[in-house]
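A short worksheet on the structure shown next.
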Amino acid sequence: MQVACVGGGPAGLYFAILMKLRDRGHGVTVYERNPAGVTYGWGVVLWEGTLARLEAGDPELARMVRQRSVRWAGQVLHVSGREPVRRVGEAFCIGRRELLDLLARRALALGVDVRFEQEVLDPAELASAELVVAADGAGSRVRRQGDRFGTEVATGRNRYLWLGTTKVFDCFTFGFAETEAGWIWIHAYAFDADTSTVVVETTPETWAGLGLEHLGAAESLALLEHIFSEQLEGHPLLASGGAEEILPWVRFRTLTNRTWHDGRTVLVGDAAHTTHFSIGSGTSLALEDATVLAETVDQNPDLARALEAYDTRRRAEIAGAQAQARLSARFFEDIGRYAGLAAPDLMLVLLARHSPLVHRLPPAAYCTLQRAAGEVPLLRWARGLVGRTANALLTR
């Protein structure tokens, strides 16, 4: 089979790898518009389940990813001026550039034709391909060729910004600070021995009140370093752009599609769906898309049936993740409802932000219910039943 993957991100490269592992006779070409080694972002999160699926699909790649990843054990809530609160939890983090380098090297070793600095402006350029995999991100040019997929985009309320820091966080850290303009917070985690990702998020009112829409990069970084001085412990914040630029604060765009395939073209990764960064699943879901697509294409000699099987299975699986992500995003958009809680209670609702109950009940009542449920088995069972029922309704 002749396969063209448009986009050299995790989904496109991993699908190319899996196709070659199944049959070296497949002709697989990956078209990436950026030069080799050039990408956006800092570090990405990979869950244990994702690494287990990588090991099942390509043990050699999984070994390399594990070796280059940083594992964090535990989660910390650090509200400025309050004692930090710790809870259990674990995941793996790796630099996005490092991950893409490993994927590209593995693909090239297996005989994939990886073409950097080659942008596909029109899918008609790929006339010889039997299968076109659109892995070119949320702004996918392939997907936007005609209204074939029923794309819808919902834009979130909060502003956020991806930064780095030389502070190496030993746990996944939620850092909150109250300013005269309102609350602002970070999601921070290490991804190598020297650097951590820091996602800064805030409401539009706080963003405007702090003047962040007008400040240059150097001024913005200095202000944020001052606000989060307790969490950063004197370490600087790092931005990708120049010091005179305005930092790229954006609002998250949740993307859905009515269908993920049309003719010989199929969507994977962010071209098919996006989930709010606060659940840390974007890269994992992209790799899982590639896994399922490779399985269905391999198992179905009829390509149309394979793509339909992939579409049906993955859209159903993603629906649950997107429902959780919407609740998580809503929690942070309503942060004023929760931020005044004592730190242990704030951590309680923060870790349960995917539950509809957090959004239905007054925060104090939810915390009381959680503590009672921990002591009374029947209440714990009832709480779980209500939560599962609500989640099922949300994902229909």
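Structure summary
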read-out	value
From Thr206, Thr166, Thr173, residue being at pLDDT 95 or above, surrounded by fewer than 18 Cβ atoms within 10 Å (Cβ to Cβ) and of a type in the set (Val, Ile, Thr)	Thr166
Any chance Ala243 is farther than 24 Å from Leu13 by Cβ, touching a helix residue (DSSP H, G or I) at 6+ places or on another chain (Cβ under 6 Å) and modelled with pLDDT under 95	yes
Qualifying positions in the stretch 10-27 - touching a Gly at 6+ places or on another chain (Cβ under 8 Å) and within 18 Å of Asn300 (Cα to Cα)	Leu18, Lys20, Leu21, Arg24
Some residue of the stretch 283-298 being over 16 Å from Ala11 (Cα atoms) and either in contact with a helix residue (DSSP H, G or I) (Cβ under 8 Å, 6 or more places away or on another chain) or assigned to a helix (DSSP H, G or I) (or both)	yes
Sole residue being under 21 Å from the mean Cα position of the chain (by Cα), among the small types (Gly, Ala, Ser) and within 17 Å of Pro236 (Cα to Cα), chosen from Gly175, Gly139	Gly175
All positions within the stretch 58-97 that are assigned to a strand (DSSP E or B), in contact with a helix residue (DSSP H, G or I) (Cβ under 8 Å, 6 or more places away or on another chain) and basic (Lys, Arg)	Arg87
Residue in the stretch 32-50 that is in a helix (DSSP H, G or I) and within 30 Å of Gln118 (Cα to Cα) present	yes
Selection status of Glu98, under 28 Å from Leu13 (Cβ atoms), in contact with a strand residue (DSSP E or B) (Cβ under 6 Å, 6 or more places away or on another chain) and touching a residue at least 40 places away in the same chain (Cβ under 8 Å)	no
Answer from Glu233, Glu213, Glu245 - the residue that is surrounded by fewer than 22 Cβ atoms within 10 Å (Cβ to Cβ), more than 23 Å from Asp147 (Cβ to Cβ) and touching a strand residue (DSSP E or B) at 6+ places or on another chain (Cβ under 9 Å)	Glu213
Qualifying positions in the stretch 211-230 - over 21 Å from Thr173 (Cβ atoms), under 26 Å from the mean Cα position of the chain (by Cα) and not in a loop (DSSP other than H, G, I, E, B)	Ala217
Test: residue in the stretch 50-61 that is under 16 Å from Ser281 (Cα atoms), without any contact (Cβ under 8 Å) to a residue 60 or more places away in the chain and in contact with a strand residue (DSSP E or B) (Cβ under 7 Å, 6 or more places away or on another chain)	yes
Residues of the stretch 307-327 that turn out to be of a type in the set (Gly, Ala, Ser) and surrounded by 21 or more Cβ atoms within 10 Å (Cβ to Cβ), as a count	1
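The values are calculated or read from the model by the stated rules, or taken from the named source; none is laboratory data. All figures in this text were calculated on a predicted structure; none of them were measured in a lab. Cβ atoms come from the backbone with ideal geometry, glycine included; neighbour counts cover every protein chain shown.
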